[in-house]
Each structure stands twice: as C-alpha cells, then as structure tokens.
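Following this message is one structure expressed as structure tokens.
The values are calculated or read from the model by the stated rules, or taken from the named source; none is laboratory data. Computed from a prediction, not measured in an experiment: that's the story for all the values here. So basically every Cβ, Gly included, is an ideal-geometry build from the backbone, and we count neighbours across all protein chains shown.
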Amino acid sequence: MPPKPGPGDSAAGSGSNKRKAAQQQTPSGRGERRDKLHLARAVPAQRAEAALKDGELDLQAFVAAHEFEIRSLEQSMATSKATGSTRAFQRLPRGLRRRTASHNPKRVPKRLRSRAVKEAKQDKTPTVESRKGKPRTTRARIRAETAKRLGILAERKRRKRLKRAEAAGASPDSTNAIGKDDGAAVRKPRAKIRRNLLNEPPTPPAKFRKRQLDKTWLPTHVWHAKRARMTAPKEPLWRFSLPLTPNEKVYRPVHRTQGDRGAVMWDASYMSTIGLYGNQAGIERALRRIGVSQENCWNDKGRRWRMGCRSWSGMLSRETSRGRQQMCPSSIFWNPVPSDHEPNNDSTKKKRELFLRVHPSAFLEVFNELVRRAKMETPQLYVEDLRYEVGSIDITGPASTEALLSVLTPYSTPQQPKAAHAGLFQSLNGLTNPSALPANAMLGFAIQDPRLRYPPRKPSTPEGEDEEMRLLETIAEWPVESGTQPYGLFNRNARHAASLLPSQKFIDRRRSRITPGASLKPGVGDPPIPVILLASRSGSSTQTQGTWTLLAPWSCILPVWHSLVHCPLSSGGNPRFGGLNETRQVAFERGLAWFPADYPATAAGVEWEREQRRTRERAWAKRPKSKRVEWESLDLGAGRKGEVGNGLACDYELLYGLPPLDKADEEEPPSKPVDEDAMDVDTHESAPPKKAKDDPLHLVTVITKNTFNQLISSPDSTSPLPLNATLTVRITVLSRGTVGPCARIYRLPSTPLPAPTSSNAEVPATIPPQSSSSPSTRLPHNLRAQWLDRIPPSKTPSRQRPNQSKITKSDDMETRKRMVARELLGPPSTPFPPPKPNTTDIGGHPLVPDAVDLVGFVTTGSFCLSEGMGMAIGSVAVDKVLPDVRADGKEGRLCVVRNAGENVGWLARWEAI
Amino acid sequence: MHKLPRPPQGSRIQKRPLTRRQPPASSKSRIVYVSTGTPFMSAVKRVRKQLDQGLRRQSAAPKNASLQSRVEALEREQSSSASGVGGVEVTVMGTGRAVEKMVRLAGWFEQQGDCTVQVRTKTVGTVDDVVDVEGEAEDESRVRRMSCLEVVVQLK
C-alpha cells in the first residue's frame, strides 16, 4: 500500500540528507520551516484499493481502511500541533512566563535562551538594543566617560592596596575572606521584646523602608509580589501587605490540589502570636476569662493539652456590658515542662508559658484583654507581643506531609541528637491526610537550614501493607508524651540564634567544595531552627483534608518557603501557593466559616462588613446608571416593589431593627484624627477607632451550635435568648441556583390559619379573610405548599411524591385518546386575559416570602465545586427560626434564599455550624 | 486476627479518614474511590470517562518524519492494537459497606462487552478514636482493619 503522493511529498523522501539540503537552501531557513509545516499537516492516505479485496468490497478491509483514515487524521492533527510555531517562551510553565517582552531572548530563562536566539534569528524578530551600551546625548556621553575614568582609578587604587598588604606579609586571600564573608560576620542584635506592650515590626533594609511606613511586609513579600496580586499600596489589609490571589488562574486547580492531589500552601506569617507567661493557676484563670472555659480543657481530658502535646482551637470571647462578646478563633498551646523536672504540685509556683495564635484583625482586642487580665493576677502574669518574632506557613492537601518531610530535616549533630518528636515526624512518611493524626496534634523540634539540602528531593514512599500498618500503629499510639522537652520556639535565645543564618553566598561557596548533588552537613555556623508543627482537622466530613501549620522564627520563613515551593511531589508538580482568596475558597469548600467575613458578631467581622459595604457601594456607584441594579424598581411579585433593606449590605440593621449608623460617622475616613499627637507611635495601634464603639452592628450577638441545640431540646427553657442573637449556618441549595454574598434568607411562610377560630363563624372560609393591614395577604395562600413542592424528588421519601397525570407508557391506546381529547376540549388552562406577570409566580418560580419572613443574610456563597451544587455560609436570626425548628426539625430548617437585586428565590436547607 | 472489644459504656467511636494513596504522576492508572454515598451511575460514568480518555490519546509523529515512515508507523500501530495491548486501567476502590456496591460495579463492567474486569480483595487499616462522651477519661485510639475490594477495569 504505497501512499498517495501528498502535498508534502517533495520533502518526504529527503529525510537522510536533510541537513545538507537545508544548508544549500536559503540562509534564513524560512522555506525549510514552511516545508516542515507542510509535511506535518499532510494527512497520510491509502489508495482506494485498500478497502477492497480482489476488486470486491470486503468488510474487514473496509473497516480497517477507515480506521487507518481516522488514525492518520488524528496523528496529523497532533503532529501539526507539535511542530507548529511554538516559540521558546511558550514552552515555559505558566508560572514562569512574563507579561511582556517574552520575544526578547535575553528575558527567557537560561535553558531556553539558545533556542530563543535561534528562533529570533530565523524570524528576524526585531530586538531592542539596550540603551546602556551607547550613550546618546552629550551629557550622557560625558557621564559615561567620567564613570569609565573613575573605574580605572578605583581599580588602580585597589591594586595598590593589595600590593601593600602583600608587602605587610598576610596573604590577600585570607584577609579578604575573614573580613567579608564567613557567613557570620555581622551579628544582628537580639530583637527587643517589651512586656505587656506592643512591639515594633523589624526594621526593613533601607531600600525598602519607605514602602513599609504604614504596613509590614511578609517575609516572603518580594517572592509573592512577583507572582501574586497584592493588596493595593494605599490599602493594606490588617496593616500587612498581603497576597490576594496568584497571577495565574487557580480557582479549579486549587480545588483539585486541596482535596485530590498535590498541596496548597500559604505564608500565614500575618497571623499574630501572643505569648503568655506566669504561674499555671493564674494562666488558667486568665484563659477561662477569655473564653477557654470548657471543662474538658481543665479536667483530665485536657491533660495532654496542658502538657504541651496538643493544641486547642476555639473561639475567644470577652466580657462586655452587653454580655460575652466573641473576639476571634484562636489556637492555644503550652510549652511542655522538661520531663526530668521534679513535679511541683503547687500550681501557683509552677512557671508555665503558652502561645496564642490569633487573626491580626482581632489581635489588638485580644492583646488588650489579655494584658488587662494578666495585670489583675497576683503574682502578675505577663504578655509578650510576638507578632514579628514567629512566622508561619499553612499547607494542606494530600501531598502536604510529603512536602514537609522532604524540606524539614531534623537538626542532628553528634553532640546533639535529634529530638523524639523529630523521629516521630519522620516516621509519618506515607501519610496523605493530616487529619488522620490525633485531633490537634502538635510536634516541636529543631530543623537544619533547608538551604543545605536545596533543592529538596522526593522522599521514597513506602509500599506495601506492612508499612501502612506500621504507620497506622504509630499514629494510633502517638508517643509524644515520654521525655518531653521544652520547645525551642518558646526560647527567645534559640529564636534569635536561628535568625542568624549564614548568607546564601557562604552556603554556595561551601557547596562548590563538595561533590555535586551531595547535601551539606550542618556545621558550627549553622544554627538549629526551632519549629512547631500543628496538625488541625477541618471540615465536616471525615475524609476532608486537614492542615499543617508550621511555626518558625520570622526570619527563617523565607528559606523554608523557597524550599517548599520547589519541592517535587510524587503526584507530580510542586506545591501551589495561595493568597487570601484561596484561603476563603478552601474554607468554603470544606464548609467552614472564614474569619472575619463569616463572623458578623465579632468586632473584626463588623469592621469587615463595613469595609465590604464601602467597596460594594463604590463599585455600584461607578457603573453607569443604565447598567446598575436600581434597587427601588426591583419587582418582587405580588405588587411588592423594591429591595428589602440595603441591597449592597448584609442589612442586620433591618433584621434586628437597629438604628442606622450616623451618616457623618460613616463618611469619616477610618484614619485617626489629625489633631492627635502625630509623633506618638502607638496611638494608631492601641486606640481602636472611636466610632467602632457606637456602631449599631456591635449589638449583634452570636450563639453557638451547642447552645442552639440545647435551646431546641428544651422548648420552655428559663434562660432567655440573648438580644439580637444570630447563628452561623451552612446553606445547601436544594435544586438549581447559586447565591452570592448579601443574598437574603427567608424562612418558609407560615400557612395562614384556615378559618377564624371563633365558634360562631357563619361562613366556613377556606381562604383566610383579607386583613388590610399587611401587604402579605396579596401572596397566594398556599405559598408554603408551593415551596415545599420544590423539594427535588430524590430528597423526599417516595411515598410523598405526587402522582403525575401525564400520559405514561403503560396506558393503552383508548386511555391515551381520551386524555388527549380531554386536553383539547377542556377549558384552556390559562384564563383570558392572561394575568399580569409576577402576580402569582415569577416565571414559574414561587414568589419569595414577605419581609416579615426575612431571617438572615448570606455572607459567603457561590457554586461549590466539592459538593457540586450551590452552597453558602450565612447567619440567621435565632428568634425567628427557633419556633419553626422546634415545631418541625426538618421543615424548620428549610429556607428560601434570594440574591440581592434578583426576584427569583431558591429553596435551600440550612444547618448550624 | 482478633476482634476489637466493644467501646466501654458512655463512650463512642469516632472515625479518622482512610489513607488514599497518591498515584505517581507518570502512572496511567487512575483511582476512583467509591463510598456508600456515591451514586452507582456516577461511579460508572467516572470510570467510563477515564477509559475513554485513554482511548483518545494519539501521539504526534516524530519531528521530520517523512510521510512514508508515518504511514508505516500507523500500520504498525494498527496491527499492534488489534492484538490487544491495553491502554489505561482504572482502579476502583471501596471498603466496608461499599464492597457491595463494588461487586455490583464489577458486574456492570463485566456485562459491558468491551471491558475486562479484575477483582482483588485487600485489607486496609484505619484508626478509630474511642471518645469518652460523659466522663473525664482521655481519648484512646486503636487500629481497625477493614476489608477492601479493588476492581480494575480495562478496555479489551
């Protein structure tokens, strides 16, 4: 079967002497490239005889010929795609691509440069000569000449000095090396930490100082600024410049990596660490006051936590004039006392220390409260602000443990063998979910500088059932309690020592002396880096991935980060990095509330909500009038006009009848007043904005899931509901539809009483009499039933499914005929004239309930990739939903959610979280 | 093999997640995990999708290959695929109560004309926490072994 002479056949036969032919051809190689492209695009074909056998149509041969055709088409498609005009920079992974000037060979990475140069020559790509070489103006020329002359002078001077040194006797090499770069030349002073007072951020290098006047950079700021969208320079978030989202499109990749394969990580150094020191009894009293009041923290159940082998995470709260007010979620862990320490049973004498990790938006509140409580104690406790002392990295996903294992090498020298926790950590090889560890597990040990083993390598994954069982037994046993030693991270000197890492130059020089590929051994100048690893479970379902939090000294975060992002994973690729938006996304996909957005009853949440309102207001006002939602003219059906409350806000003022914020207050920018002493550094940190106290949103209080469950189970409990109580809920949209932030949550409308209750009613009314007072009467009386009908059939028991009167297959011809006739002859289903739109329904959707049935607002919501349907996190008013839930646990938890500015509602179910 | 004792009065079992193996990046076999809550047809479709994706894979011809050599390569490929060298294999895993669903799944793909199915039994371990609900006792953990069925589906 010889091929037909195709269009590219002229070049086809000349495979062997191709190079020679190309040399003889045009010097540009353009014609050659065109030939190659022709060749690639040519579809190989067979002669028509291939489908025949001895001139007859043969099925076997015919099918084979068609198969050949399809294959050859597919192959040539793939070939022409591969040989197509891909330039060198298009070969780069997305993360390494430039925004501009990729055509310039000097701007592509080194490994592709030669190829890029070749392509540029072939293509005759115009490249810009660098301006540096040739000065154009007279002035520039003079300047260049002067610089050149100065350079010569400097060189002459240097040579003279060297000669003089040689004459003095010392070899110039050694003086140079000792003087400059043995990696430990400049000793930084230990950072000052003041007790019970706020601390200054570390002084940035002079080059970057001006950019950090009103904010602080994360240790990885420069890395992130190249690869992620950061907060605007004038609008830092929580006094930090934070990465918001990577430059690449990552929504779906992050969904996949956080649950399926790979790992996502964040530089979470913006989270604030507070140290609390003092006697154990005093610390216990102080902690109880700020919300660690669960009995199982302080009885035998909390023994491991108090020992320092587990962390605790939960909400902190404080006492105010309006009752307990939540502050923020936090994790708290103790420093273990050395195991050989003689047991001191007098808890007032025992000196203990612990760390609290809180969100920066609530840091000040927690810090002030802690200082107040610490000063009340006798003997006094003291509090340290360790915000810029301890940094952290969060990493989650199935490969998170693997990545950590390949980067964190326990520090061990012959004099200082590695800690027990380090051995335990290394035995976790093969773990694919940190939430398989004991709840809130915690490990503390010292690692060596990760740059010594850079680039990190894949750890060998154990195979086989025995290895798996051994890992499980380790996890089940979790031997962390024997021989505990205090964690190095609590030790100020250890933190300081770790911050004196040798310079990169020094490490490179050391590496050049050993065989390539071998890893460096930690020497005298390499300090151990104390770290603490916290494993936390998250999410509602058992299979959800947990998260590792790596705590390390602030200045050690960057080398660890560099190693982590370049760590090859066994499932392919490297760990991804995320920004703030990805934190929200991951929390949402795991069905968790995200602080501060989903906590409207905390001060930080109120601040967030106010800021969001301002942002939305600005975005709305910016749009042309014809293209923005006109809230007054929104038609909610049944004659209701206008959005319920403010469409750009989660309008708790409307829900709870709170007074609106004074307009004057709102207009005032959040910055401090001008007349205050500008030199006082602490004013803008220690004094919360004055208007925050008067904000009506602060009157909203929250009740927890447990309290809510108790309220349900005891219908006539004596304890009254707190005023303006709200409950955080997770909402699942039952059928189609998604909801976004600010969406309105309604309860199902109650069925109006069927008849007047008085016994002497003359007319038995099925439809309740119109009461002129409320507009709700214009709603259909069976609205609740209409909504209940929207529950998808798979979610209701089969016996409840309504019988459909449609024609079914089983009906015989006679029945079918009769049904068709009835349909044709019967009165038309829609009356004439047709009713006005939006009176009884909205395009087939039931009308949304009335404003009296408004129970809450959605704070986060969208389509959830992990559930495959619309989900949302919101908060509902407890006093409005409680009677319904008490009456019927199932139906009471149904609700209708409607996006702000839309008139179609969706049936959904909520559950407390 | 011994039976684990019942948890003491007033405490209950809390499960921890199972270990999900991370398939290497280069491996052609995909793993589909099936739980009791997974709808049957959705599991079938997931497997089918993976199988079909493997079928569609067509490699580009080497650079500068002449038309003649490409035709030859195509013919060689055609004859080798007729002899039945399999493409992707999809592994489906289910444990405990989901084993019943796995058996049904294996049956389904046996019925399909174009698939070969292998069924393997395995044992996987997991960790349970015994949580004392009322009392003050600390949590304990124990290893539990559970049965697992692995169904490997491959196109003929």
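Out of curiosity, is A:Pro835 outside any strand (DSSP E or B) and in contact with a helix residue (DSSP H, G or I) (Cβ under 9 Å, 6 or more places away or on another chain)? Steps first, answer last, please.
Working: outside any strand (DSSP E or B): yes; in contact with a helix residue (DSSP H, G or I) (Cβ under 9 Å, 6 or more places away or on another chain): no.
No: the conditions fail for A:Pro835.
So, restricting to helices (runs of 4 or more DSSP H) that lie completely within region A:626-714, which ones have at least 2 residues that are over 30 Å from A:Asn199 (Cα atoms) and modelled with pLDDT under 90? Steps first, please.
On the way: elements: A:652-656, A:663-667, A:683-686, A:691-694, A:705-713.
Output list reads A:663-667, A:705-713.
A:Ala281 is checked against (1) part of a helix (DSSP H, G or I); (2) not assigned by the TED database to the domain that holds A:Glu369 and fails just one. What number does that condition carry?
(2)
Kindly establish whether A:Thr409 is surrounded by 19 or more Cβ atoms within 10 Å (Cβ to Cβ) and of a type in the set (Val, Ile, Thr). Break it down stepwise before answering.
Values: surrounded by 19 or more Cβ atoms within 10 Å (Cβ to Cβ): yes; of a type in the set (Val, Ile, Thr): yes.
So A:Thr409 fits the description; yes.
Turning to a different aspect of this structure: I'm checking my understanding of the structure. Among residues of region A:399-430 that are under 16 Å from A:Thr549 (Cα atoms) and assigned to a loop (DSSP other than H, G, I, E, B), which one is farthest from the other protein chains (Cβ to nearest Cβ)?
My answer is A:Leu408.
Can I ask one more? Answer with yes or no whether A:Tyr454 is away from chain B (no Cβ under 14 Å) and within 19 Å of A:Glu402 (Cβ to Cβ).
Values: away from chain B (no Cβ under 14 Å): yes; within 19 Å of A:Glu402 (Cβ to Cβ): yes.
Yes: the conditions hold for A:Tyr454.
Which one of B:Val127, B:Val151 is more than 14 Å from chain A (Cβ to nearest Cβ), surrounded by 13 or more Cβ atoms within 10 Å (Cβ to Cβ) and either in a strand (DSSP E or B) or at pLDDT 90 or above (or both)?
Numbers: B:Val127 fails: more than 14 Å from chain A (Cβ to nearest Cβ).
That would be B:Val151, the only listed residue that is more than 14 Å from chain A (Cβ to nearest Cβ), surrounded by 13 or more Cβ atoms within 10 Å (Cβ to Cβ) and either in a strand (DSSP E or B) or at pLDDT 90 or above (or both).
If A:Arg318 passes every condition in (1) buried (at least 20 other Cβ atoms within 10 Å of the Cβ); (2) within 30 Å of the chain's Cα centre (by Cα) but one, which one does it miss?
If we test A:Arg318 against (1) buried (at least 20 other Cβ atoms within 10 Å of the Cβ); (2) within 30 Å of the chain's Cα centre (by Cα), just (1) comes out false.
Could you grab me the full set of residues in region A:824-850 that are modelled with pLDDT of 90 or more and either over 30 Å from A:Arg909 (Cα atoms) or surrounded by fewer than 16 Cβ atoms within 10 Å (Cβ to Cβ) (or both)?
None; the set is empty.
For region B:6-17, indicate whether the set of residues that are within 12 Å of chain A (Cβ to nearest Cβ) and within 19 Å of A:Arg256 (Cβ to Cβ) is non-empty.
Looking through region B:6-17, at least one residue is within 12 Å of chain A (Cβ to nearest Cβ) and within 19 Å of A:Arg256 (Cβ to Cβ).
Which of the residues spanning region A:272-289 are surrounded by fewer than 21 Cβ atoms within 10 Å (Cβ to Cβ) and farther than 20 Å from A:Val337 by Cβ?
Scanning region A:272-289 gives A:Arg288, A:Arg289.
Scan region B:98-117 residue by residue and report those that are surrounded by fewer than 12 Cβ atoms within 10 Å (Cβ to Cβ) and within 14 Å of chain A (Cβ to nearest Cβ).
The answer is none; no residue qualifies.
Please specify each residue of region A:471-494 satisfying the condition of being in a loop (DSSP other than H, G, I, E, B) and within 11 Å of another protein chain (Cβ to nearest Cβ). Don't jump to the end; show me each part of the working.
Kept after step one, since they are in a loop (DSSP other than H, G, I, E, B), are these residues of region A:471-494: A:478-487, A:491.
Scanning region A:471-494 gives A:Trp478, A:Glu481.
Search region A:52-64 for residues being more than 10 Å from chain B (Cβ to nearest Cβ) and in a helix (DSSP H, G or I), and hand back the single one that is farthest from A:Lys121 (Cα to Cα). Give the steps one after another, and end with the answer.
So in region A:52-64, the residues more than 10 Å from chain B (Cβ to nearest Cβ) come out as A:52-63.
Those still in the list that are in a helix (DSSP H, G or I) too: A:59-63.
Details: A:Leu59: 53, A:Gln60: 52, A:Ala61: 49, A:Phe62: 49, A:Val63: 48 Å.
Selected residue: A:Leu59.
Just need a number here: residues in region A:541-561 that are within 19 Å of the chain's Cα centre (by Cα) and away from chain B (no Cβ under 14 Å).
6
Look at B:Arg120 and say whether it is surrounded by fewer than 15 Cβ atoms within 10 Å (Cβ to Cβ) and within 13 Å of chain A (Cβ to nearest Cβ). Talk me through it step by step, then tell me what you get.
Working: surrounded by fewer than 15 Cβ atoms within 10 Å (Cβ to Cβ): yes; within 13 Å of chain A (Cβ to nearest Cβ): yes.
The answer is yes for B:Arg120.
Do you know which residues across region A:715-740 are part of a loop (DSSP other than H, G, I, E, B), β-branched (Val, Ile, Thr) and at pLDDT 85 or above?
The first filter runs over region A:715-740 and keeps only residues part of a loop (DSSP other than H, G, I, E, B), leaving A:715-724, A:734-740.
Checking which are β-branched (Val, Ile, Thr) leaves us with A:718, A:738-739.
Those that are part of a loop (DSSP other than H, G, I, E, B), β-branched (Val, Ile, Thr) and at pLDDT 85 or above: A:Thr738, A:Val739.
Right, next: Taking the conditions exactly as written (assigned to a loop (DSSP other than H, G, I, E, B) and either farther than 17 Å from A:Leu405 by Cα or of a type in the set (Phe, Trp, Tyr) (or both)), does A:Ser571 satisfy them or not?
When the stated conditions are applied, A:Ser571 does not pass them.
Looking for whichever is of a type in the set (A, V, I, L, M), within 30 Å of B:Gly125 (Cα to Cα) and not assigned by the TED database to the domain that holds A:Leu276 here; the options are A:Val480, A:Val531, A:Val565, A:Val524. Which one fits? Quick ask: steps written out before the conclusion?
On the way: A:Val531 fails: within 30 Å of B:Gly125 (Cα to Cα); A:Val565 fails: within 30 Å of B:Gly125 (Cα to Cα); A:Val524 fails: within 30 Å of B:Gly125 (Cα to Cα).
Every option except A:Val480 fails the conditions.
Oh, and also: So which residues in region A:66-89 are within 10 Å of another protein chain (Cβ to nearest Cβ), among the small types (Gly, Ala, Ser) and crowded, with 17+ Cβ neighbours inside 10 Å, if there are any at all?
A:Ser72, A:Ser76, A:Ser80
Further, regarding this structure: Where residues in region A:370-398 are aliphatic (A, V, I, L, M) and within 23 Å of A:Gln545 (Cβ to Cβ), which of them is nearest to the other protein chains (Cβ to nearest Cβ)?
Just the residues of region A:370-398 that are aliphatic (A, V, I, L, M), to begin with: A:370-371, A:374, A:376, A:381, A:383, A:386, A:390, A:393, A:395.
In the following step, the residues that additionally are within 23 Å of A:Gln545 (Cβ to Cβ) were identified as A:393, A:395.
On the way: A:Ile393: 21, A:Ile395: 15 Å.
My answer is A:Ile395.
Moving to a separate point now. Pick from region B:27-84 the residues that are assigned to a loop (DSSP other than H, G, I, E, B), among the aliphatic types (A, V, I, L, M) and closer than 22 Å to A:Glu69 by Cβ: which of them is modelled with the lowest pLDDT? So that I can check it myself, show each step before the final result.
In the first step, residues of region B:27-84 are kept if they are assigned to a loop (DSSP other than H, G, I, E, B); the result is B:27-29, B:34-39, B:57-66, B:83-84.
Then drop every residue that is not among the aliphatic types (A, V, I, L, M), which leaves B:34, B:60-61, B:65.
When the remaining residues are screened for being closer than 22 Å to A:Glu69 by Cβ, the result is B:60-61, B:65.
Working: B:Ala60: 66, B:Ala61: 69, B:Ala65: 75.
Across region B:27-84, the extreme among qualifying residues is B:Ala60.
Which one of these does A:Val383 not meet: (1) assigned by the TED database to the domain that holds A:Glu477; (2) not in a loop (DSSP other than H, G, I, E, B)?
(1)
Taking only region A:606-660 into account, find how many residues are in contact with a helix residue (DSSP H, G or I) (Cβ under 6 Å, 6 or more places away or on another chain) and surrounded by fewer than 18 Cβ atoms within 10 Å (Cβ to Cβ).
6
Which of (1) within 24 Å of B:Arg76 (Cα to Cα); (2) surrounded by fewer than 11 Cβ atoms within 10 Å (Cβ to Cβ); (3) more than 14 Å from every other protein chain (Cβ to nearest Cβ) does A:Glu49 not meet, given it meets every other one?
Result: A:Glu49 passes all but (2).
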